[in-house]
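Every number in this text was worked out from the coordinates using simple rules, so none of it is lab data. Here the structure is a predicted model, which is why all the values come from computation and not from measurement. Cβ placement follows ideal geometry from the backbone for every residue including glycine, while neighbour counts extend to all protein chains displayed.
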Amino acid sequence: MTIKKIFDEIDIDRSGKINLEEFQKAFAMTHGFNRSVQELFEKFDIDNSGLISFREFLSTYCSHATKAQL
């Protein structure tokens, strides 16, 4: 699955941005909503707008993937 497809799956309302509720739903089945999910959301929300754009999602995802490989 591509990063764009992952983003699109989370973006339930197809607005092109992921809000906290959509982010929460993406993690609800495995993690439930808790403080760590909100903290993770805040790491993705680089501009602190309360929404995650695809650019923010991609940047944060790639940053964490690179660190995991080191």
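For Ser15 and Ser36, what does the FRET efficiency come to when R0 = 30 Å and r is the distance between their Cβ atoms, rounded to the nearest 0.05?
Efficiency at R0 = 30 Å is approximately 0.75.
What is the spin-label model distance, in nm, from Lys5 to Asp47 if the labels are put 7 Å beyond Cα along the C-beta direction?
2.8 nm
Once you put a point 7 Å from the Cα of Ala28 and another 7 Å from the Cα of Leu58, both along the Cβ direction, what distance in nm separates them?
Result for the modelled spin labels: 2.9 nm.
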